[in-house]
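*Asks:* Next up is a structure, given as C-alpha cells.
The values are calculated or read from the model by the stated rules, or taken from the named source; none is laboratory data. Quick caveat, the model's predicted, so the values are computed rather than measured. Neighbour counts run over all protein chains shown; Cβ positions are idealised from the backbone, glycine included. Areas reflect the complete protein model, heavy atoms only, side chains present, ligands, DNA and RNA absent. Shrake-Rupley method; radii C 1.70, N 1.55, O 1.52, S 1.80 Å.
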Amino acid sequence: MTFQLVIIWALVISVTAWFFRDERQRAARRLEERAAHFASAPAYRYHAPVAQTTSPEMTRRTAGLSDTQRRYFEELARQGQ
C-alpha cells in the first residue's frame, strides 16, 4: 500500500513538472514566432521620413474674425502704442 502511494505521488509530481516545462517551452516558441513576424513583416519595417524640399509659405491668418472683432483688436493695438 505504501509503495503504491509513493508511486502515485512520484507520477503526479513528474507529470506536473513535465506539464509546466512543456507550457513554458510552448510560450517561448510562441514568443519567438511573434518576434520573427514583427521582425520580418513589411508593415513593421523601418521607413525613413521623407525630406521636405520646400518650406511652407507663411500665410497671414485673418479668417475667423468678423469685421467688428478685427476693428476692436486694431483699436486695442493702437491704444497700446
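*Asks:* Yes or no: segment 1-23 includes at least one residue that is within 22 Å of the chain's Cα centre (by Cα) and among the hydrophobic types (A, V, I, L, M, F, W, C). Can you show your working first?
*Replies:* Applying the first criterion (within 22 Å of the chain's Cα centre (by Cα)) to segment 1-23 yields none.
No, because not a single residue in segment 1-23 is within 22 Å of the chain's Cα centre (by Cα) and among the hydrophobic types (A, V, I, L, M, F, W, C).
*Asks:* Write out, first by first residue and then by second, each pair whose Cβ atoms fall under 9 Å of each other, whose residues are 6+ apart or on separate chains, and whose first residue, in segment 12-38, is in a helix (DSSP H, G or I) while the second is open to solvent by 100 Å² or more (accessible area, probe 1.4 Å).
*Replies:* HIS37/TYR44; PHE38/TYR44
*Asks:* Taking only segment 48-75 into account, find how many residues are within 36 Å of the chain's Cα centre (by Cα), modelled with pLDDT under 80 and among the small types (Gly, Ala, Ser).
*Replies:* 2
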